1. Considering only residues that are within 21 Å of ILE319 (Cα to Cα), assigned to a strand (DSSP E or B) and out of contact with any Leu (no Cβ under 9 Å at 6 or more places or on another chain), which ones fall in the stretch 249-286?
2. Tell me, which residue of the stretch 371-399 that is of a type in the set (Gly, Ala, Ser) and within 30 Å of LEU354 (Cβ to Cβ) is least open to solvent (accessible area, probe 1.4 Å)?
3. Among the numbered criteria (1) farther than 30 Å from LYS212 by Cβ; (2) of a type in the set (D, E, K, R); (3) open to solvent by 30 Å² or more (accessible area, probe 1.4 Å), which single criterion is violated by ASP265?
4. Pairs, please: C-beta under 8 Å, at least 6 apart or cross-chain, first residue assigned to a helix (DSSP H, G or I) and in the stretch 50-61, second open to solvent by 10 Å² or more (accessible area, probe 1.4 Å) and β-branched (Val, Ile, Thr)?
5. For the stretch 348-376, give me each residue that is in contact with a Leu (Cβ under 9 Å, 6 or more places away or on another chain) and either under 21 Å from ASN312 (Cα atoms) or at pLDDT below 90 (or both).
6. I'd like the full set of residues that are under 30 Å from GLY51 (Cβ atoms) and open to solvent by less than 10 Å² (accessible area, probe 1.4 Å), limited to the stretch 305-323.
7. Going by the structure shown, is ASP495 open to solvent by 40 Å² or more (accessible area, probe 1.4 Å) and among the acidic types (Asp, Glu)?
8. Among (1) free of Cβ contacts under 8 Å to residues at least 60 places away in the same chain; (2) under 30 Å from PRO498 (Cα atoms), where does THR111 come up short?
Amino acid sequence: MKKLIIITLVLLGSTLAIAQTEFDALKTTQTDITGTARYMSMAGAFGALGGDASAIKDNPAGLGIYRRSELVGTLNFLFQNTKSVWNDKSSGDNLFKVGFNNFSYIVSKPTWSNENGATTGLLNSNWSFSYNRLQNFDRNLRIAGDKSSSSLSDYIAYVTTNAEITTNKIFGGNDINYDNNDIPFLSVLGYEAFLINEEQAGWKSDLTGSEKVTPSYTSNETGGINEYSLGWAGNFSNTFFLGATANIQSVNYNSNTTYGEAFNDRYGGYTLKNSLSTSGAGINLKVGAIVMPIDFLRLGLSINTPTVYLLNNSFSSSIQSNMYSNFLDSIVSGKSDNYGSYEFNLQSPVELNLSIALILKNKGLLSLEYNLKDYSALKFMDVNGSSASYINENEGMTQMLKISHTFKVGGEYRLTENISLRAGYAYTTGATTSKAEKLVLYNTTRNDSEYFLHNNSKYITAGFGYHESGWFLDFAYMNKMLDETFYPYNTNIIDVNPAHVITFNNNLVATLGFKF
């Protein structure tokens, strides 16, 4: 006889907390090396150089280098390939996208004293109006593992039992429901889908003995971080350049993920689906300076103030299970889902840029840049600016995130009067500690237990450009290799092997600009 049980549960809003995580904060505030083709072909090493529309976002003083006005736009073709290895099993996915990296209008205006022959003091007063794509979230990812003796159901049973110990309550079947503040909503999903069972010693996974599962994970991410800037910079005596930009950043991130396990001994399995949308805006101020002590040497320094975001998160989750017993005519099926939304503030850390460039007369240049960003200083706040509701998350930030260092080197060689060749390399150290973990709070309604550790990012770049007196056309190729470690749930609690994930972003970039 076939037995069919279907249970549906919807959460519109309750007294349960909706936890924000350290990994959400990191995702929202990490930026990339994107911009004009010239900027990307030299791995973004433009802090001391200036004279490029995208260099302004790193060091606003670069705007002061301009002697002529400019209108510029950049098109980016992304060819993405992701590869993963989980329990010695390889898998992957790919993506193709076309988008705009930047659009800028530069106004270079000599001062009255400059026009009348002065060589000292303020010689140029320049303005910029810019759009820049700071981060591209687009990614398709597939991670398929081989047989494992550990299961997400083990983790669900653990957090449910531990919630009982923490609250000194015993949860029977009637207590596992959506408005119970003492357990995570993941426990509700696991209970309704028949993944956990209550025993005298606590909750246990429905897996028995040596039974194994075959896990898999897929995700589709879209969106990005865009920045809209108004900038000013001055040229003082052709030796000192000072600039500042006022910036508004817009954040749009969407993810749809599916984590599933197939039961190897009894057939069937389950899938847990999560969707998350983050949207909002933030403001910041950037100031910078460039000094030219001698003709062939430039030194750059810039500071980006913390960005303060007002963000909204919307999420939904659902779980579907179909488990077959040893008798193939017996099926137990469960289903549960929930959704909700909330607003919060997020403050990013201060960002520091140091740079140096050598100008080799009319033949070329060499530039180096260093960027420091302390992600452990990220801070959650409520919409009123209070961090009291995020004590655990903010403490976790200091323990799980760390200072990230970015090193850039880029060069340009002028092959002819009109044609230039370029190349570069950049390396960003990991932003997460090796012991970082995602914790499920006992009153949270979020059910996405997976997380990624950022190990490093590497960039290899090359390009060329053709310049005439009134216009220019630049091309670039950038290969970015993002190295991450994937955990399906907290493996410090349930022992399971993580997956190694590499994302290759191959960018073909074209920039068209006009000078006047």
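1. ALA262, GLY268, GLY269, THR271, LYS273, ASN274, SER275, LEU276, SER277
2. GLY396
3. All conditions are met except number (1).
4. Note: pairs meeting the criteria are PRO60/VAL287.
5. SER348, PRO349, LEU360, TYR375, listed by residue number.
6. THR307
7. On the way: open to solvent by 40 Å² or more (accessible area, probe 1.4 Å): yes; among the acidic types (Asp, Glu): yes.
Considered against the rule, which asks whether it is open to solvent by 40 Å² or more (accessible area, probe 1.4 Å) and among the acidic types (Asp, Glu), ASP495 comes out as yes.
8. Status for THR111: all satisfied but (2).
The values are calculated or read from the model by the stated rules, or taken from the named source; none is laboratory data. All of these numbers come straight from a predicted model, not from anything done at the bench. Every residue, glycine as well, gets a Cβ built from its backbone with ideal geometry; the counts of neighbours run over all protein chains shown. Please note that ligands, DNA and RNA were not included when accessible areas were found on the heavy atoms of the full protein model with its side chains. Shrake-Rupley method; radii C 1.70, N 1.55, O 1.52, S 1.80 Å.
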